[in-house]
Amino acid sequence: MARRVEPSSSIWRNFYGPNLGYVEEQYELYKEDPNSVDPSLKAMFDEHGAPKWLDHTGEPQQDVVVGEISGHEVKKITAATQYIAAIRRFGHLEADVYAVGKELFTSDESNLLDPATYGVSEADLREIPADWVWDRTEPNVDTAYDVAELLCERYTGKTSFEFDHIHSEAERDWFLEQIESNSFVEEFSDTEKKQLLERLINVQSFEQFLHKTFVGQKRFSIEGLETMVPVLDYIVKAANKENIENIMMGMAHRGRLSVLAYVLGKPLEKIFSEFHYAPDKELIPSEGSTGISYGWTGDVSYHFGGTREVTNGEKATKINLANNPSHLEFVNPVVAGYTRAAQDDRTEKGYSKQNVNKAISVLIHGDAAFIGEGIVPETMNLSQIDAYHVGGTLHIIANNLVGFTTDNVEGRSTRYASDLAKGFEVPIIRVNADDPIAAVRAMQIAYEYTRTFKKDCVLDLMGYRRYGHNEMDEPRATQPELYGLIDKHPTVTELFANELQKENLVSDEEVKQIKDNVFAEMQREYDGMKTEELSGLSELNMPEYLAKSIDHYETAVDLEDLKKLNENLLKRPEGFNAFKRLNRVFNRRKNILEEGQKADWGEGEALAFASIIKDGIPIRLTGQDSERGTFAHRHLVLYDSETGEKYCPMHGLDEANASFDIHNSPLSETAVLGFEYGYSVHSPDTLVIWEAQFGDFANVAQVIFDQFISSARAKWGDKSNMVMLLPHGYEGQGPEHSSARLERFLQMAGENNWIVASVTSSAQFFHLLRRQALMRGREEARPLVVMSPKSLLRNERVASEAKEFTEGKFQAIRNQPNLRVSKKNATRLLLGSGKIMVDIEEAIEKSDENFNWLRALRVEQLYPFPTEELRKEIEQLPNLEEIVWVQEEPKNMGSWRFALEYLRELVQDDHMIKYVGRRERAATSVGEPNVHKIIQEEVVSRAINPKGGNDSEGN
Ligand SMILES: Cc1ncc(C[n+]2csc(CCOP(=O)(O)OP(=O)(O)O)c2C)c(N)n1
């Protein structure tokens, strides 16, 4: 470039940050008395006048342009700008973020960070003034070349950033400010550096102690990622400083013991004792551990969570580490649910009121699991949706470069494990785990970002794994090159100690002393550990309070109260233009509690909800299209036909003493169910309800049912009374809209872990829901699985009269409504549940037969199975010849095989127990509606035909 362009203000570029204030102050003094300031400053003010930023002449500040700029020069300047932008965007490609193995993982050459790619040379860059390509000022940054050098340092060092996928200008600017002004950098004092070193020595020594003491036991060591502990320390400290009440954390096996010991403060003695007594790690209740919840069958030690209260500032912050199954990442939505539950105020009517400053959520992921398991993006998709938002989750990828024995290239199609976060416009900060100071600073930015924008942020903590996947695995067999490098690689503690030694902050001797002290302390803890004998351990049974009946809840509601609720549910805000066709539906509701009238399913449900919130129990109901109801039976969120404004009739109830949250969920089962489950565990006072669109889709969330809802109480002591509504019933809609796979829920039933019901009247549903709500917070609380109706929603036969709501309670078995009971003559006891019993009711009505030989009962609660009620019934049937179990599901599905076990307890003669239903099938149902109809009719007819039993090979 021929002509140099000299901005008039270049002198002031050397001042930045706190210096600006100082110069301003000095200039004020200078104005009053030029000799009152330092001679060098005086000389500067004499020559240049007021500092640039104080020169408020009202005129835009003009740069002095020396000569004219040619088209060629404009091109160069544009190229320089592109190059500077590329450093920000692609700096991560060359960043020094690999603690080991950079050469193995970054082999592809990229020229995206070569200025030549943009058509600009080093010499060109040196010709361009810094402030033509950069808005900031820093000492000694005078040219575009200096800017490029500085930005390379900031974007390709031990920390790298990816935020170019974010569209919000405010967020992008925020990142630029943080990174380029370096304002986030909190200098570590010498004391803090020493404390950091001590922390690392503790963690490393703990792992080494376990390694040496419990040879050959799995512990999923943190070694290679020890830095995770100070990174978590930062979160705890920052959250406590902000008076955040809860930190909700979820993590997998990797490093969990170190996190339990050092972040959750679980006594080392307890951890040692769990190792000592359970070498095969079966049945280890963590009883007695600080804040560790536990069930009676227990779990392996690296699945337990815990709680701890920390107080550095004014108020306490509770750290909650969720219990976790082996199933990687499935804890994510559960933790999100905990967090939201801790943020919502449910004490007033209307929607609950969220305060995101009450709790934050932190999830630690494995690198292979983060990109591999679909539940990760499924949960991230919840993050910005009102109903599921938790104010931003801090994600830490504990990146050890390998997934068990699987290399990155086998484990993902993306460059980085973190890449999927980009689709959610989540920023990613990647940091070298061998630089603990950089890692803590990186977390500082991540933390500030989530707090500022209430959005998720990912910290990709790049370390390695010192051993194999577990400590008995030999990684050199599968990852020889990588382990060749790891074997030679010093620990982060060694590296950091060396650094501090170079800075003369610690001596070799001191480091040795700290290590010796830590080991001695561990040895003391180990020696002091209780020495009970292994033989003292035994398998435990479920606690008494779960074994007892739950029949004592009074769920009927006074008629006047119900009428008032019903009347108020029909009120609309002033000027609300309801959708006309819906008005007709609602008008019908006015009389449902009058003599001779009945309330159908939706009406019974609404009465249950209204009476529950009147009792001061909050409700949260979500599911796909749940506001209206998939089958349009609910309509609990109405839209003004003209303005589109929403109104929930539950919110207009003067009687309501608690919130009513109702939301359509995204098209997800696993994440949404996991979230609702988490919500229910953390908020036992709330009746949480999840509704599947069709029950068939519940199996998408199978892990949440298996690993959490059905078993968490027994394993970990986590209690939930949530309700799952799973539309179920054979109505000719084909294999995928018939079955909620009742058999699965029954197969998982044990130790009163949940209630499984299939009810056939709106009043029964009313009492069932109310009982579930009243159970809240109590020891006997447990989840409820309901096979809920589809076509029955509008069937008159399931509608109930007022007195059924105002008297009585839920009945586990019910009389078949239109059958004359003749106990003396009955030779067949017909048992079944759900829609088939309504079909049978209809068939009986149409038949001319007198059926005095038939006693039919609906088993409305399948689990716990009403054995005693049935025993009493059987005792009253002197001429009973057979018990026929009828179901519409195929023989290998539904409730038959489950019920058979109980029926065998009731009658000694196996020949008396017969089956009527579809034969064994691979698919849940046939596809052709007419074939369905024929089969259904045959099943019904055999159930009420004296010769109809035992058709195992039939239809
Ligand atoms: C859903 C699920 N699938 C498979 C496994 C078995 N498994 C346990 S750890 C692991 C590798 C995990 O790798 P990564 O996520 O990188 O975590 P790391 O163990 O390396 O810390 C696998 C496949 C599991 N626990 N959960």
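The values are calculated or read from the model by the stated rules, or taken from the named source; none is laboratory data. What you see is a predicted model; the values in this text were computed from it and never measured. Cβ: placed from backbone, ideal geometry, glycine included. Neighbour counts: every protein chain shown. Side chains included, ligands, DNA and RNA excluded: accessible areas come from the protein's heavy atoms. Shrake-Rupley method; radii C 1.70, N 1.55, O 1.52, S 1.80 Å.
Some observations on this one:
- Helical runs (DSSP H, four residues minimum) scored at -39500 (n - 2.57) apiece and divided by the length of the chain put the mean residue ellipticity at 222 nm at -11000 deg cm²/dmol.
- Hits among aspartates and glutamates - C-alpha to C-alpha of Lys872 under 18 Å, sequence gap 8 or more where chains match: Asp551, Glu860, Glu881, Glu882, Glu901, Glu905, Asp909
- Remark: the Arg820-Lys75 segment gains 258.6 nm on full extension, using 0.36 nm per residue and subtracting the alpha carbon distance.
- Full-extension gain in nm, Glu481 to Lys548, via 0.36 nm per residue minus C-alpha separation: 18.2 nm
- Links that overshoot a 28 Å alpha carbon limit, given the list Lys75/Lys158; Lys158/Lys454; Lys315/Lys512: Lys75/Lys158; Lys315/Lys512
- Global geometry of segment 628-744, whether rounded, prolate or oblate, following the gyration tensor of its Cα atoms and the 1.5 cut on a/c: oblate
- Degrees, to the nearest 10: 71-90 long Cα axis against longest axis of the chain: 50 degrees
- Amide H contacts under 5 Å for Thr393, placed H, 5+ residues apart: Asp456, Cys457
- Filter on Lys241/Lys502; Lys548/Lys598; Lys237/Lys266 - keep pairs with C-alpha separation over 23 Å: Lys241/Lys502; Lys548/Lys598
- Only lysines eight or more places from Lys914 in sequence, or on another chain, were considered; those with a Cα closer than 16 Å are Lys891, Lys947.
- For the chain, the longest principal axis of the alpha carbon atoms and the long axis of helix 18-32 meet at an angle near 50°.
- Think of a 1.4 Å ball rolled over the protein heavy atoms: the chain then has 41 Å² of accessible area per residue.
- Gain on full extension, evaluated as 0.36 nm per residue between Thr191 and Asn568 minus their Cα-Cα distance, stands at 129.2 nm.
- Gyration tensor (alpha-carbon) shape descriptor, segment 458-600, a/c threshold 1.5: prolate
- DSSP-defined beta bridges in the chain - what % are antiparallel, rounded to 5: 25 percent
- Segment 815-955: C-alpha gyration tensor shape, a/c 1.5 cut-off, then a/b vs b/c: oblate
- Estimated FRET transfer efficiency when R0 is 30 angstrom, pair Leu667-Ile813 (beta carbons, to 0.05): 0.20
- Relative to the longest principal axis of the Cα atoms of the chain, helix 331-343 runs at roughly 90 degrees.
- The largest-to-smallest principal axis extents of the Cα set in segment 57-205 are 67, 46, 31 Å.
- To put it simply, the accessible area of the chain at a 1.4 Å probe is 47 percent carbon and sulfur.
- Aspartates and glutamates with Cα under 19 Å of Lys42, excluding same-chain neighbours fewer than 8 positions away: Glu24, Glu25, Glu28, Glu32, Asp33, Asp55
- Relative intensity of segment 598-695 on a log10 scale, I(q)/I(0) at q = 0.25 Å⁻¹, equals -1.40, per a Debye sum over C-alpha point scatterers of equal strength in the absence of solvent.
- Convex hull volume per residue for the chain, taking Cα atoms only, in Å³: 234 Å³
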